[in-house]
């Protein structure tokens, strides 16, 4: 056997091994769906009539599909990011997602306390996605399906597979191309997020300057015919208390300033919705919230009809 | 463009197909190589292509001038060095120099010198230290009359920008590479296989070993509170030692393999440094192309060991400090160089490696001793600040705390692979095998097939090569 044929034989043996192992080794579906989801959200060229902005409470809490059912003829995008700050970077990006040709343009802002603290102003996740190298974007958008078949694993992953350890808990995420992440967690622990938020609010508080900047933007959009809707994303009662006391979130002041600037503030009944960790809504509540918001928007667009709750 | 990216695979396929089509036409080959190399580099940031072109033009012209104007040879060499070291200083060291001056002069805010440096100059172009040294070696060799300057600009740029080694070495000398570029020899089947082995080994080292060890090291160094166990930090430093080795040697292997497929030979850059039994031995095995560059263009011109013991040590210290600075514009890298210089001096004064070599058991003790020195020095190389490095070294030398190594199952498996490999080399088992026998040929093929499979399934989270930043 010549040395040159060694390469071909080696590659053939490797191919057989790779194919066989693709049926045996564990696959990390979550990673691939997650990666494609965020790249699609950031770079998809489609335009929408309604763009929803905010943080993880928004992307886990608002389903554009449900909203669209109540807003016929309107396309909705959930454009929220983890620790998404409400600032000019996001305002500009959201505006670019609005359809220029559309008569009705709506921006919905989920104003959680986190969105208007210094911590979220860096918009780390959004920036990370936006500055991703070209080849990464290509890979995530077009090759993820193939790469998923050859998911990377680790010795620890194989050990777990061999042990076949039954899982007593799960955190399920379903990624939708409209920007929504349907989330469910078991066991539910509504106090889970309290400690991390306590830590966050020790260092960062809601700041007036961010509220003022937001109000300026609402005013600017309103003056240009863009309908701006704001609401406080629901959370558990202890979480809201923590946000109000430690985070210095004053919904009355914020909503008043929002309305003053020309926006429409939607008051939500917080106890209507259930969270799985104190901060994020479960699937049923997310559908309920999306429904409620859509009906409110519908009533705003055609004031003669009252929303049904 | 990273070797461990899909775009590079596409690029390499296009390059080799193009080279095949061009065949033996020399000008066409050089033009294709230069164009591909510029594209490879420009993919990262096309603006910095002008820097390579500028550096190359200066050196190409200076070398031609040296051959033509005998009287002005020195002046032309100085100009070439000024241009090269100048661009290196601006792009790599301006931030470091001004920050230190600011701190020394007590300047801050808008009065600080660093605030006046344009942002563009604070970005270190990928591989600037590598191609600058490569270009410098050309003019110095022409000046010393060790090399005739090339009259073809295409020939020169094909050498300077050659993509397999452009951004992270090995640093190839002009007098080694320029003649090779003019020879068109068909690549034999044997060389194709050797190249293939290099490429597979390189990707395995980088994507499986280095990328899987990286998370252990990152989590240890980024933790706000340092782990107080001595054994934990020795374990982490072993992991880092293999991470950086596999990262850099992996790149060198891929570069050597690609060069083989192109019909060229690159020098060996790593020769199992972690089996060294003295620090001097270590430096003949680690980043060989750089160590020999410093030896030939810094240490020997300073006088080497020919001016007595004191100057011997002094020249070695200067060389090691410059080597530290070459790696990065930070005091941590300079300290890393200084620690190596200190241990090298001590080794020369005490001559302990000679004593340890006498008995097998002592040789093992000697090896432990060398590794301990190397690991302590790596702390300074990896830490973000000298203070943090000192803290870690103090913990390492306290020999206290828990007996937990911090490798986990993942780290243990990947480190065991490397330990086994190095042990086979150190004990000479590798050399006793007749790789050309039919049985071992099959073993080798199955082994490489398994390495490829591991690259697919055990690839770590892709990251840049560490040495890109240098």
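Could you tell me whether residue B:266 is more than 21 Å from residue B:422 (Cβ to Cβ) and either in contact with a helix residue (DSSP H, G or I) (Cβ under 7 Å, 6 or more places away or on another chain) or in contact (Cβ under 8 Å) with a residue 40 or more places away in the chain (or both)? So residue B:266 fits the description; yes. Within region A:77-84, is there a residue that is under 22 Å from residue A:302 (Cα atoms), surrounded by fewer than 17 Cβ atoms within 10 Å (Cβ to Cβ) and in contact with a strand residue (DSSP E or B) (Cβ under 8 Å, 6 or more places away or on another chain)? No: zero hits. For region A:107-127, indicate whether the set of residues that are within 14 Å of chain B (Cβ to nearest Cβ), in contact with a helix residue (DSSP H, G or I) (Cβ under 9 Å, 6 or more places away or on another chain), over 17 Å from residue A:222 (Cβ atoms) and in a loop (DSSP other than H, G, I, E, B) is non-empty. Among the residues of region A:107-127, not one is within 14 Å of chain B (Cβ to nearest Cβ), in contact with a helix residue (DSSP H, G or I) (Cβ under 9 Å, 6 or more places away or on another chain), over 17 Å from residue A:222 (Cβ atoms) and in a loop (DSSP other than H, G, I, E, B), which makes the answer no. Scanning region A:43-57 for residues that are in a helix (DSSP H, G or I) and crowded, with 20+ Cβ neighbours inside 10 Å gives A:56, A:57. Of the residues making up region A:13-20, not a single one is out of contact with any strand residue (DSSP E or B) (no Cβ under 9 Å at 6 or more places or on another chain), within 14 Å of another protein chain (Cβ to nearest Cβ), modelled with pLDDT under 90 and buried (at least 17 other Cβ atoms within 10 Å of the Cβ).
Would you check if there is a residue in region B:188-204 being modelled with pLDDT under 90, in contact with a helix residue (DSSP H, G or I) (Cβ under 7 Å, 6 or more places away or on another chain), surrounded by fewer than 18 Cβ atoms within 10 Å (Cβ to Cβ) and more than 12 Å from chain A (Cβ to nearest Cβ)? Looking through region B:188-204, none of the residues is modelled with pLDDT under 90, in contact with a helix residue (DSSP H, G or I) (Cβ under 7 Å, 6 or more places away or on another chain), surrounded by fewer than 18 Cβ atoms within 10 Å (Cβ to Cβ) and more than 12 Å from chain A (Cβ to nearest Cβ).
For every residue, the table says whether it meets (1) farther than 22 Å from residue A:141 by Cα; (2) touching a strand residue (DSSP E or B) at 6+ places or on another chain (Cβ under 7 Å).
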site	(1), (2)
A:32	no, no
A:36	no, no
A:40	no, no
A:48	no, yes
A:52	yes, yes
A:60	no, yes
A:65	no, no
A:68	yes, yes
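From the list B:419, B:381, the lone residue that is crowded, with 19+ Cβ neighbours inside 10 Å and at pLDDT 90 or above is B:381.
Would you check if residue A:71 is away from every other protein chain (no Cβ under 14 Å) and within 17 Å of the chain's Cα centre (by Cα)? Taking the combined requirement at face value, the residue does not satisfy it. Among the residues making up region B:395-412, those that are more than 14 Å from chain A (Cβ to nearest Cβ) and assigned to a helix (DSSP H, G or I) are B:395, B:396, B:397, B:398.
In the set (1) modelled with pLDDT of 90 or more; (2) exposed (fewer than 13 other Cβ atoms within 10 Å of the Cβ); (3) under 28 Å from the mean Cα position of the chain (by Cα), residue B:39 fails one condition alone, (2). The single condition among (1) part of a helix (DSSP H, G or I); (2) in contact with a helix residue (DSSP H, G or I) (Cβ under 7 Å, 6 or more places away or on another chain); (3) within 14 Å of chain B (Cβ to nearest Cβ) that residue A:26 does not meet is (1). Only helices (runs of 4 or more DSSP H) whose full extent lies in region B:303-358 are considered here, and the ones with at least 1 residues that are free of Cβ contacts under 8 Å to residues at least 60 places away in the same chain and in contact with a helix residue (DSSP H, G or I) (Cβ under 6 Å, 6 or more places away or on another chain) are B:309-327, B:331-350. The listed residues are B:365, B:392, and the only one of them that is in a helix (DSSP H, G or I), touching a helix residue (DSSP H, G or I) at 6+ places or on another chain (Cβ under 7 Å) and either modelled with pLDDT of 90 or more or at positive phi (or both) turns out to be B:392.
The values are calculated or read from the model by the stated rules, or taken from the named source; none is laboratory data. Everything numeric in this text was worked out from a predicted model, so none of it was measured. Every residue, glycine as well, gets a Cβ built from its backbone with ideal geometry; the counts of neighbours run over all protein chains shown.
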